[in-house]
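Enquirer: Below you'll find the structure I mean.
The values are calculated or read from the model by the stated rules, or taken from the named source; none is laboratory data. Keep in mind the model is a prediction, meaning the values are calculated, not measured. Here Cβ is always computed from backbone atoms with ideal geometry, including for glycine, and neighbour counts include all displayed protein chains.
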C-alpha cells in the first residue's frame, strides 16, 4: 500500500490537489474511517495559503491554469480587504471561512477542489470528447467518496497502512510535492517549507554574537541608521519567508519598527552593498582573530566573494519569485 500511495500521488492526473488531499487525510485521520470535507479543507486551506501567499510558490508556469483553490484564496482576500497586505497567518475565523469556500465555492468562483481531485485520485475516465468525467460518487483502493454528503470513507487497507506507517506516508507526500514544485520554483528549502512545523529559530544565539562582536556595529540600526537600544531585533536582508533559514551573513540589527516595516521585502541595492562591506569584515574576523565565527562564515564559504555571490543569487531568485524590493530603507 505504501508503494501504491507513492505511485498514486506522483502519477496519472498529477496536480497539487493530490498532494494537498493526501496530506490532509493523513493529518486529520483519527482512527475512524469517515472524514468530512470540512475537516480536510481546513488543512488544505492552510497549506495553500502558506505556500502561495506567504512563500509565493507556484504550482504551474501558466498563471491561467493555476489550481482553482489559489484563485479562491485570492478572491477571498480581496473580498475581505486583505489583498494588499495579507497576514502571515490566517485567524481561525478566516481559515474556517476559506475552508467552506474550498468545499462549496459561490457561483462564478469555479469548482470545488473535491469535485475534481476525488475522481482523479487513481485515474479518471473520459467522455467521448476526451474530457475528464467527475462523478459525484466513486471509490478507489484508498477511499470511497460522496460529493453530495461531503465526506470520504477510508478503506480498511488504507487505514491499516496509516496506522502502521503514518509518518512515512506524510514524508512521501512532502517529498513528492517538493519534487513537483521544483519544476516551477527556485525557492530554497522546499521540503522544509511544505512541513506544517516551522524550522527552529536560532536568533538568540546570533543575538549573543552581535552583542560581543564590534564588526557587527550594534550601535546603529542597519536599516534606518539611527541609534539602537538594547531591544534590537535581527532582520533578514533576504526575507526569511524565502530563505527559510537563519544565517549570520544575512542578518542585520534593526529597530523592531524598522524590521516590521521592511517585512518580507528584499533589501535595496544600497542595503545589499552595505551588507557586502559588513560581511567582508566578518569573513576577515572569522579568518584571523574570531575563530568562533568560523562555523557561520569561513567554514561555509571559500572567500568573501563566494559569500557575496550566495546572497546575490538569493536576491535574484527572491525577486523572481515575487518578493518585492524594499523601497523604504535605501
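Enquirer: Report yes if some residue within the stretch 79-95 is touching a residue at least 40 places away in the same chain (Cβ under 8 Å), surrounded by 11 or more Cβ atoms within 10 Å (Cβ to Cβ) and under 22 Å from residue 37 (Cβ atoms); otherwise report no.
Expert: yes
Enquirer: Could you look through the stretch 225-241, keep only residues that are touching a strand residue (DSSP E or B) at 6+ places or on another chain (Cβ under 8 Å) and not in a strand (DSSP E or B), and pick out the one that is surrounded by the fewest Cβ atoms within 10 Å (Cβ to Cβ)?
Expert: Step one: list which residues in the stretch 225-241 are touching a strand residue (DSSP E or B) at 6+ places or on another chain (Cβ under 8 Å), which gives 226-228, 232-239.
Now narrow it down to the ones that are not in a strand (DSSP E or B): 226, 228, 232, 237-239.
Numbers: 226: 9, 228: 19, 232: 21, 237: 27, 238: 26, 239: 23.
That would be 226.
Enquirer: Do we have any residue at all in the stretch 286-293 that's touching a helix residue (DSSP H, G or I) at 6+ places or on another chain (Cβ under 8 Å), in a loop (DSSP other than H, G, I, E, B), loosely packed, with under 15 Cβ neighbours inside 10 Å and at pLDDT below 95?
Expert: No, that holds for no residue.
Enquirer: Which count do you get for residues in the stretch 57-78 that are over 18 Å from residue 107 (Cβ atoms) and modelled with pLDDT under 90?
Expert: Counting residues in the stretch 57-78 that are over 18 Å from residue 107 (Cβ atoms) and modelled with pLDDT under 90 gives 9.
Enquirer: Need the failing condition index for residue 204 against (1) closer than 29 Å to residue 254 by Cβ; (2) touching a residue at least 12 places away in the same chain (Cβ under 8 Å); (3) under 25 Å from the mean Cα position of the chain (by Cα); (4) assigned to a helix (DSSP H, G or I), just the number.
Expert: The number of the failed condition is (2).
Enquirer: Further question: Of the conditions (1) in contact with a strand residue (DSSP E or B) (Cβ under 6 Å, 6 or more places away or on another chain); (2) surrounded by fewer than 19 Cβ atoms within 10 Å (Cβ to Cβ); (3) in contact (Cβ under 8 Å) with a residue 12 or more places away in the chain, residue 109 satisfies every one except a single condition; which number is it?
Expert: (1)
Enquirer: While we're on this one: Do any helices (runs of 4 or more DSSP H) entirely within the stretch 32-111 hold 1 or more residues that are under 16 Å from residue 17 (Cα atoms) and under 16 Å from the mean Cα position of the chain (by Cα), and if so, which?
Expert: Numbers: elements: 37-49, 68-79, 92-103.
The qualifying helices (runs of 4 or more DSSP H) are 37-49, 68-79.
Enquirer: A further question on this structure: Would it be correct to say that residue 180 is in a helix (DSSP H, G or I) and either under 13 Å from the mean Cα position of the chain (by Cα) or at pLDDT 90 or above (or both)?
Expert: Judged against the criteria, residue 180 is a match.
Enquirer: Continuing with the same structure: Go through (1) more than 21 Å from the chain's Cα centre (by Cα); (2) in contact (Cβ under 8 Å) with a residue 40 or more places away in the chain; (3) closer than 22 Å to residue 187 by Cα and name the single condition residue 311 misses.
Expert: The one condition residue 311 does not meet is (1).
Enquirer: Ok, one more. Yes or no: the stretch 281-293 includes at least one residue that is under 22 Å from residue 226 (Cβ atoms) and touching a strand residue (DSSP E or B) at 6+ places or on another chain (Cβ under 7 Å). Spell out how you get there, then give the answer.
Expert: Step one: filter the stretch 281-293 for residues under 22 Å from residue 226 (Cβ atoms), giving 281.
If we keep only those that are touching a strand residue (DSSP E or B) at 6+ places or on another chain (Cβ under 7 Å) as well, we get none.
No, that holds for no residue.
Enquirer: Quick one: residue 207 ticks every box in (1) surrounded by 12 or more Cβ atoms within 10 Å (Cβ to Cβ); (2) in the same structural domain as residue 252 (by TED's automatic domain parsing); (3) modelled with pLDDT of 85 or more; (4) touching a helix residue (DSSP H, G or I) at 6+ places or on another chain (Cβ under 9 Å) bar one, so which box is it?
Expert: (4)
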